[in-house]
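The values are calculated or read from the model by the stated rules, or taken from the named source; none is laboratory data. This structure is a prediction, so every number in the text was calculated from the model and none was measured. Note that each Cβ is placed from the backbone with ideal geometry, even for glycine, and that neighbours are counted across all protein chains shown.
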Amino acid sequence: MKKKKPPILSVERAVEIFSEAISVRRYRYEDGEFFLMGDFLREQSEDLGDYDPYPFRVKTFKTDPKLDFRKKVGVLAFEDSIVFSMDQRFLDKANAGNGLYNTIIAHEIGHLMLRHHEKHAKILNFKMEKLPSGYSILPQNELELEANYAAVFFQCGISLLDDSLTPQRLAKMAHAERSYVEKAYNMVRLPEFKKRLNAPKKQHPRVTL
């Protein structure tokens, strides 16, 4: 069987994702502000949970504490209705600052941010890879790779551009998964990324109705 090639993210697409993540982030947070994803979900739920047409819910469930729990977050996105579902122990670990669990939640937010659920009517799944240093999120296709980068761009914001911060330090500050912070940190330092990010934005004529 022919081995499947790993997904690739172009620099052009990475800049688009970075710009979108920063824009979404700025609706709620200052550029230098960091946050736990559980707090973000709670704030979104409090703001939007009771108001149609944008219902937003977070549901948790309990499983046998003697058994391991799934390191995944379920997201049901239908039109403008969004429901996050996860094991309570998963959310507890995220709220305690665990980088992997926070980035998994941010990964699902990345899918929503990039409107993957609207463009692709299928279940979106990632795979967990066990490394010597712990677990990591292994992207199965281009959509999962995009969501990985969107997650870290959203968690870290423009602090990724700060040369005074190391990836290790930034991952700790942003409660993010270190290996993906390192990848994102390297991506934003590519000359082509900087060139495209700093290029003058096209001005579209305003339409008056």
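Residues that are in a loop (DSSP other than H, G, I, E, B) and under 17 Å from the mean Cα position of the chain (by Cα) within the range 172-201 comprise His175, Ala176, Glu177, Val188, listed in sequence order. Looking at the range 20-34, is at least one residue of a type in the set (A, V, I, L, M, F, W, C), farther than 27 Å from Ser179 by Cα and touching a Ser or Thr at 6+ places or on another chain (Cβ under 9 Å)? No - not one qualifying residue is present in the range 20-34. All conditions but one from (1) aliphatic (A, V, I, L, M); (2) in a loop (DSSP other than H, G, I, E, B); (3) at pLDDT below 95 apply to Leu143; the one that does not is (2). Summed over the range 163-205, the residues that are over 17 Å from His107 (Cβ atoms) and out of contact with any Leu (no Cβ under 8 Å at 6 or more places or on another chain) give a count of 26. You will find that of Met86, Met37, the residue that is hydrophobic (A, V, I, L, M, F, W, C), modelled with pLDDT of 90 or more and closer than 29 Å to Leu197 by Cα is Met37 and no other. The single condition from (1) within 27 Å of Asn141 (Cβ to Cβ); (2) surrounded by 15 or more Cβ atoms within 10 Å (Cβ to Cβ); (3) of a type in the set (A, V, I, L, M, F, W, C) that Leu76 fails is (2). Does the range 115-133 contain any residue that is modelled with pLDDT of 85 or more, under 24 Å from Lys4 (Cβ atoms) and not aromatic (Phe, Trp, Tyr)? Yes - at least one qualifying residue is present in the range 115-133. Screening the candidates Arg57, Arg42 for the property of being of a type in the set (Lys, Arg), over 25 Å from Arg169 (Cβ atoms) and part of a helix (DSSP H, G or I) yields one hit, Arg42.
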